[in-house]
Amino acid sequence: MTKQRKIAYLLNAVGVVVVFALLMALFAAGVFGTSTTYIQGICTTACYTVIMVASLNLVVGFMGEFSLGHAGFVSVGAYVSAIVSGALAGKGLSDLGLFLVAILVGGLAAGIMGVLVGIPALRLRGDYLAIVTMAFAEIIRVCFCNFSITGGGKTLSGILKLSTFPRAFWVMVVCVTFMYMFVRSKFGRTVQAIREDYIAASAAGINVTFYKVLTFAVSSFFAGIGGAIYAHYMTAMIPTNFNFNYSAELLSEVIIGGTGSLTGSIIGAVFLSALPEAMRQFATYRMLCYSVVLVLVMLFRPGGIFGRWEFSLTRALGRLVHRRATAKKGV
């Protein structure tokens, strides 16, 4: 690793710590008054939504495949983690330890499911893959509606309240960091080569199916983690929460932020998590405004707000220093 890259990573780490410290200071000071708890809840929601959207972007943006079943993997992580945390409650684990075990098991369960679905499904492409993934999500939803352990179609309540804003924030940071490292690794670059030219990659000797299944499994794993945080924040779930509309909502956040941009996934998830709450006073027109935003983005920014561009704190600071130096020379 070069010295320049080490400095870039250090600056990004400092930036993340500053953002977290600022948010915690605002919450502790009660700047938002009686709405402090409410705003903190929105921030927590944004954190696990970022994980879900960024994980879907691995498939849609970086692998170039169209998936409409992401809610299925989210639901697997949510339900499995809720069952595990309930079984381990009172066994001597701290709340933090129980939370970490729950999200890890939820992620692994969703990742295994991603492999099982990906092996047959990823031999298909385009619309066919979208239909298969959508069917998978519906099968999972119907199964959860009929299993007694998941509530049998009724609300699964009594889930431990383990997800707090600090925990959700740092899990989000770790997940996005690992996804970024995956995208920048040789595996990620190979996947992007497959996206650019499927036939050429196959002709060059790349095992296309292996890399696609690998990416699908990684995406499912992080989707399961997002679902686990969701379950332990909401403390109650019903299978209909993870229907086709939820998959479509996650996909729209990917497209608005920018397919192939983790920065875009973060911005898209945060924006669309806060928008419904900001428009709550105008509930009658809330979905209309949501639809207008989608249409405007598709008309003026078909590739999303960020496209495939990634924000870099190091690059931004470098440009700022360069502009100041140029201004001084001009004077």
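Stretched out fully, how many nm does the piece from R319 to I131 gain, at 0.36 nm a residue minus the Cα gap?
63.2 nm
Taking the fewest neighbouring Cβ atoms within 10 Å as the starting point, the ordered list for Y230, Y9, Y211 is Y9, Y211, Y230.
Residues considered: G151, G114, G61. Largest GNM mean-square fluctuation over the chain, using C-alpha springs under 10 Å, is found at G151.
If you run the Gaussian network model on the chain, springs between alpha carbon atoms under 10 Å, then out of S157, S55, S202 the most flexible one is S202. Can you run the Rg to Rh ratio on the range 103-172? Use alpha carbon positions and the Kirkwood inverse-distance Rh. A ratio of 1.07.
Measuring gaps between exposed loop sites in the chain (trypsin sites (Lys or Arg not before Pro); DSSP loop; at most 12 other Cβ atoms within 10 Å), the longest gap, sites not included, is 162-331.
Evaluate E = 1/(1 + (r/R0)^6) for L288 and A193, where r is the Cβ-Cβ distance and R0 equals 30 Å; express this FRET efficiency to the nearest 0.05.
0.15
A simple rule links phi to the HN-Hα coupling: the Karplus curve 6.51 cos²θ - 1.76 cosθ + 1.60 with θ = phi - 60°, which for the range 168-177 gives 4, 5, 6, 5, 4, 4, 5, 5, 5, 4 Hz, with x for Gly and Pro. Computed over the chain, the Cα gyration tensor eigenvalues convert (square root of 5λ each) into semi-axes of 31, 27, 21 Å, ordered from largest to smallest. The Rg/Rh ratio of the range 10-64, with both radii computed over alpha carbons and Rh defined as the Kirkwood radius, is 1.14. In a simple Cβ point-charge model (Lys, Arg +1; Asp, Glu -1; nothing else charged), the chain has a dipole of about 1260 debye relative to its Cα centre.
Treating each Cα of the range 151-241 as an identical point scatterer and summing with the Debye formula, the log10 of I(q)/I(0) at q = 0.17, 0.18 Å⁻¹ comes to -0.80, -0.84. Cross-link pairs exceeding 21 Å between alpha carbons, from the set K91/K154; K91/K161; K3/K212: K91/K154; K3/K212.
Starting from 0.36 nm per residue, how many nanometres of slack lie between T37 and K186 once their C-alpha separation is accounted for?
49.4 nm is the gain from fully extending T37 to K186.
Using the charge dipole of the chain (Lys, Arg: +1 at Cβ; Asp, Glu: -1 at Cβ; taken about the Cα centre), state which of I131, S261, L104 has its Cα farthest towards the positive end. So the residue furthest toward the plus end is S261.
Rule-based calculations on the coordinates, nothing more; no lab input. Fair warning: this is a prediction, and the values are worked out from it, not measured in the lab. Heads up, the Cβs are rebuilt from the backbone with ideal geometry, glycines too, and the neighbour counts pull from every protein chain shown.
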